[in-house]
Amino acid sequence: MVPGYLPSIIILLTAAYIPAILALIWIRWGERGRRERWDDLFLTFLGGAVVAVIVATALELAAAGILNSSAIREYDIFVRNPNLITFIIIIGLAPIIEEFVKMMVVRRFSRYIWRPRNGLVFGAACGLGFAATENFLYEGTALFTVSFAAFVSLAIIRSISSMLMHASATSISGYGVAKAKSYGDHWWPYFIAAVVMHSTFNMFASFGELFEVRLGPGANIIGLMFSIGLVLITTLFLMRRIRGYHA
């Protein structure tokens, strides 16, 4: 049974935003040396949660309209019978659009970047904000149109998988932004790496839809395991990079 309207909104906000804020605290806590200011980090978090989500959604809706598809944003476990256009958007267009928009938000705050590590942290903050709002929308759909149990399971899965994916991918592109500002390096190789990671994650997350007929219900579990494994490995690697900077 789905709770009342106001309690449901409170539950959704808590489930979507509290894990993302806690993750941001964990990332900053793991830093050594001079740390980013909280007001700068939360401003970047809000940029990802509001600006990046609005712009990415508008661009993806436009792309879906051009391609005559109802699929927008990244994978939805409630979507069934996807077609080729669906996977083109999920695995191809969505990662490019979302990572580019999030990177632009990080670049907007590049005046606060004084070393490469800042890019990792500001990128993670932007990605976490983006993921929090995205989780709010997905989990709200599950809560109001499916069931409370579906909402709980989706909230747990996305807090482990999608949230960390957005944080890690944008941390990579944010590092490129910081390298470009600090040393004049090119940012685009890091942007491509972020898109590849995002696209790979979406492919794993869509594995069940691609191979359920051939492999049965176990295809969903296989895809989930690979997607979670990818983000955990990447997150741990990036945390080692963040902790490795002493300046």
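From least to most packed, judged by other beta carbons within 10 angstrom and beginning with the fewest, ARG243, ARG117 follow the order ARG243, ARG117. In this Cβ point-charge picture (+1 for Lys and Arg, -1 for Asp and Glu), segment 5-244 has a dipole of about 1060 debye about its Cα centre.
Which of PHE226, PHE148, SER110 sits closest to the plus end of the dipole of the chain, meaning its Cα is farthest towards the positive end, when Lys and Arg get +1 and Asp and Glu get -1 on the C-beta? After comparing all options, I get SER110. Site pair TYR112 and ASP185 shows an inter-label distance of 2.2 nm when each label is modelled 7 Å from Cα along Cα→Cβ.
Note on ALA150/ILE18: beta-carbon distance plugged into 1/(1 + (r/R0)^6) with R0 of 22 Å gives a FRET efficiency of 0.65.
Where does each of SER110, SER162, SER199 land when they are ranked from fewest to most other beta-carbon atoms within 10 angstrom?
Numbers: SER110 17, SER162 24, SER199 20.
Starting with the residue having the fewest Cβ neighbours, the order is SER110, SER199, SER162.
Could you work out how far the C-alpha centroid of segment 1-42 sits from that of segment 85-110, in angstrom? Segment 1-42 and segment 85-110 have Cα centres spaced 22 Å from each other.
Residue by residue, segment 162-169 carries 3J(HN,Hα) couplings of 4, 4, 5, 5, 4, 4, 5, 4 Hz when phi is fed to the Karplus relation 6.51 cos²θ - 1.76 cosθ + 1.60 (θ = phi - 60°); x denotes Gly or Pro.
Bear in mind that the values in this text are calculations on the coordinates, not laboratory data. Worth saying up front: this structure is predicted, and the values here are computed from it rather than measured. A quick note on method: Cβ atoms are made from the backbone with ideal geometry, for glycine too, and the neighbour counts reach across all protein chains shown.
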